[in-house]
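Here the structure comes first, spelled out in C-alpha cells, and everything after it is commentary.
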Amino acid sequence: MTVQIITIDGPSGSGKGTLAAKLAAHYQFHLLDSGALYRLLGLSLHQQDLLDCLDSELERCVKIATNLDIKFVTNEAGTRVELDGEDVTQTIRTERVGEFASKVAAIPELRTALLERQRAFAQAPGLVADGRDMATAIFPEAQAKIYLTASAESRAERRVKQLQGMGLDVKINDILANIQARDKRDMERTVAPLKPAADAYIIDSSALGIDEVFKLMTSFVDQQLAN
C-alpha cells in the first residue's frame with residue numbers, strides 16, 4: 001500500500017505547525033513536526049554543554065542525535081513532547097531553543113542522524129510532514145508539496161502574540177532580528193537549504209487568515225491525492 005504524503009515547508013513563523021495539525025486531523029493522517037526533532041536535539045546538546053563545540057564533539061553529538069529519548073503524546077488537549085521523560089512542550093517553542101535548532105540543522109552529520117528517524121513517520125494511511133526540507137530532501141516522492149511563506153514582519157508579529165500568550169515579555173524588534181537571522185542561516189546552509197521544491201504549491205500567508213490558507217491547501221491536496 002502506498003503511503004500518501006503531504007509536505008509543508010517554509011520559514012519559521014509562517015503557520016506551518018498549526019496548518020499541518022489541521023491537515024492531519026482533516027485527512028486522519030499521521031503528523032511529523034520535524035522542527036520539534038531539531039529543537040529537541042538542540043535542547044539536549046545545550047543541556048550537555050555541547051552546543052558551542054559541535055565541531056570538536058561531533059561524534060558524540062551524532063550519537064546523542066541517534067539515541068534521543070523523545071516521545072510525542074497526542075490527546076484531546078494537543079500534543080505533549082517529552083525529552084528524557086520530561087515534559088518540554090513549552091520549552092522547545094521558545095525563541096532560544098529555536099536558535100539551538102537552527103545551529104543543529106546547519107550540521108550535515110546531525111541532519112543525516114535524524115534523516116531515517118523522520119522517514120519512519122511515513123506510515124499508512126498517510127502523513128503530513130512539516131519542516132524546512134520535507135519536500136526537497138526527506139520526502140521528494142510526496143504526492144502533495146506545499147511551501148508556506150510570509151513576510152518576516154508578519155511572522156514577527158504572530159510570534160510576539162504567541163510568546164505573549166505564553167506569558168513571556170518580548171520585543172518585536174528582537175523577534176524580527178531573530179527571524180531574519182534564522183532565515184538567512186536556513187537558506188544559506190550547504191545541506192538541504194530552505195527553498196521551495198520545484199513542484200511545490202507556494203502560498204504567501206502574510207495577508208491571509210488560517211481558515212483561508214487551510215481552504216487553499218485542502219483544495220490543492222484533494223486534487224493531488226486524486227491523481
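The values are calculated or read from the model by the stated rules, or taken from the named source; none is laboratory data. Only a predicted model underlies this, so the values are computations on that prediction, with no experimental measurement involved. Reconstructed Cβ throughout: ideal geometry from the backbone, glycine too, with neighbour counts over all protein chains shown. Areas reflect the complete protein model, heavy atoms only, side chains present, ligands, DNA and RNA absent. Shrake-Rupley method; radii C 1.70, N 1.55, O 1.52, S 1.80 Å.
Solvent-accessible surface (1.4 Å probe) assigned to MET187 amounts to roughly 100 Å². The dipole here belongs to segment 135-194: it is taken about the Cα centre, uses +1 on the Cβ of Lys and Arg and -1 on the Cβ of Asp and Glu, and is about 40 debye. Note on the chain: dipole from Cβ charges, positive end direction compared against VAL213, ALA152, GLY10; the farthest Cα belongs to VAL213. Antiparallel beta bridges, as assigned by DSSP with both residues in the chain, represent about 30 percent of the total such bridges. If r is the Cβ-Cβ distance from ASP84 to ASP211 and R0 is 35 Å, what FRET efficiency results, to the nearest 0.05? The computed FRET efficiency comes out at 0.40.
Here the accessible area is traced with a 1.4 Å probe on the protein chains. For the chain, carbon and sulfur cover 50 percent of it.
For ALA144, nonlocal amide neighbours, meaning residues 5 or more places apart or on other chains whose placed amide H falls under 5 Å from its own, are ILE5, THR7. Based on C-alpha pairs under 8 angstrom that are at least 6 apart in sequence, the chain has a relative contact order of 33 percent.
Using C-alpha pairs under 8 Å with a sequence gap of at least 6, the mean separation divided by the residue count of segment 42-146 gives a relative contact order of 21 percent.
Taking the Cα centre of the chain as reference, the dipole from Cβ charges on Lys and Arg (+1) and Asp and Glu (-1) amounts to some 260 debye.
The mean accessible area for residues of the chain, using a 1.4 Å probe and ignoring ligands and nucleic acids, is 50 Å² per residue.
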